[in-house]
Amino acid sequence: MNHPCYICGLGSCIPPRVMTNHDLEKLVETSDEWITTRTGIKERHVLEDGVNASDCGVSAARAALDEAGVSPEEITHIFVATCTPDYLCPSTACLIAGKLGISASSGRMGRVMCMDFNAACTGFVYGLELARDVVAAHPDAMVLLVATEALSRRTNFTDRTTCVLFGDAAGAVVVRGSDKGALWQVRDSVCSSDGSLHDLIKIGGGSACHVKEGDVIGADWFISMQGMAVFKHAVRSMTEESQSILARNGVSLEELDLFIPHQANLRIIKAVGERLGIDENKVFANVQHYGNTSAATLPVAMEDARRLGLLRPGMKVLLTSFGGGMTWGSVLLA
Ligand code: ACO
């Protein structure tokens, strides 16, 4: 995989409706103090009824395309990382293509490859690896990678062990082989998984959920998780994957400008930073405002870091994530 690959547009979409810890105190037996101490989360955003993952995703996509100066007609591939697609079929990628006005009659005979994939919270990292592969095979490709989640639709708001953790959001990037308008080069990526750990995090609603018309929806419809086992795996996998990608690229921690880990829990973020031994000022966190938005956390964090002046084009940035599957991985930007 030798052809260089660049991010030339970045965008995010945060639903306006906010749900605070105090709002959750009214739904389950919990407290702002417990949630803040155990997770760092203060609030999360949730989609309004009738607004779906594809709607949030298309807003993020438009922002990324605007920045890249790329029109929808120029896109060759749309990849959507999501574990909460609008439907099992059609793909959220096809819905986003339709909302962007890309169709078989829009001039290119519909020659846009559209697909969703599910690597849970590692979706954005897996997606950048996919984009690199596509650009290596087709150097003229223009890839729109969208990470969008509507986790509130699969959150059990009677289960205090999970409902305090998640939120909705989307992020998107435009990836191409040319350095025209480049913000960062996607220098390297590494993706891993361990399917023997598939039971640690589950979101129901797939074909394993046998629901007949008139049935009451059961607990297996919602997110379930073995919190502490996930916590331990998250710290170990993100630390090791980060060390591995830095070593194989000969980049030291001192050379890194910013470290953006998956935003699931402030304690996990701090533990990974400490194990790596990276300056805490270089570790970015915004989980306080959004909770865990799964695949969307990394592009949303990149956009927030940029807005705060902490992330600028050409900086050396390490992204790392973990999620259901289990999956994990890292990306080095420069
Ligand atoms: N409010 C008050 N008390 C609570 C709450 C709550 N919201 N949730 C759990 N508790 C209670 C428990 O019942 C337990 O009580 P007990 O001791 O009487 O049994 C106590 O608090 C401690 O519970 P633990 O589960 O041991 O708390 P822990 O410190 O492990 O924190 C947490 C739980 C926050 C879930 C943590 O384990 C975690 O963050 N794990 C990782 C989760 C994660 O990152 N998932 C990401 C992947 S999701 C995806 O891929 C889509």
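Adding -39500 (n - 2.57) for every DSSP H run of four residues or longer, then dividing by how many residues the chain holds, sets the calculated 222 nm ellipticity at -9500 deg cm²/dmol.
I217 exposes around 90 Å² of accessible area when a 1.4 Å probe is run over every protein chain in place.
The distance separating the Cα centre of region 274-297 from that of region 108-152 comes to 23 Å. Solvent-accessible area of L276, all protein chains in place: 20 Å² (probe radius 1.4 Å, heavy atoms, ligands and nucleic acids excluded). The Cα center of region 188-202 and the Cα center of region 40-84 differ in position by 24 Å.
When the alpha carbon gyration tensor of region 132-195 is reduced to an equivalent ellipsoid, its three semi-axes come out at 34, 15, 10 angstrom, largest first. Computed over the chain, the convex hull of the alpha-carbon atoms projects to a mean area of 16.7 nm². For W221, the accessible area of its heavy atoms, probed at 1.4 Å with every protein chain present, is near 60 square angstrom. I need to check one value: relative contact order of the chain, counting alpha carbon pairs closer than 8 Å and at least 6 residues apart, in percent. Relative contact order comes out at 26 percent. Anisotropy class assigned to region 6-183 is prolate, per the alpha carbon gyration tensor with a/c at or over the 1.5 cut-off and a/b larger than b/c. These residues, T37, T122, go from largest to smallest accessible area, 1.4 Å probe, as T37, T122.
Please build a GNM for the chain, connecting alpha carbons under 10 Å apart, and tell me which residue among G167, G123, G227 fluctuates the most. Checking each option, the largest mean-square fluctuation is seen for G227. The 1.4 Å probe gives accessible areas that order Y87, Y126, Y290, largest first, as Y87, Y126, Y290. Once backbone amide H atoms are built at 1.01 Å from N, C83 has A295 as its partners under 5 Å, excluding neighbours fewer than 5 places away on the same chain. How much of the DSSP bridge set in region 6-183 is antiparallel, in percent, rounded to the nearest 5? Approximately 65 percent, going by the DSSP bridge assignments.
The values are calculated or read from the model by the stated rules, or taken from the named source; none is laboratory data. A quick note: this is a predicted structure, and the numbers were derived from the prediction, not measured. We work out accessible area using only protein heavy atoms, side chains counted, and drop any ligands, DNA or RNA first. Shrake-Rupley method; radii C 1.70, N 1.55, O 1.52, S 1.80 Å.
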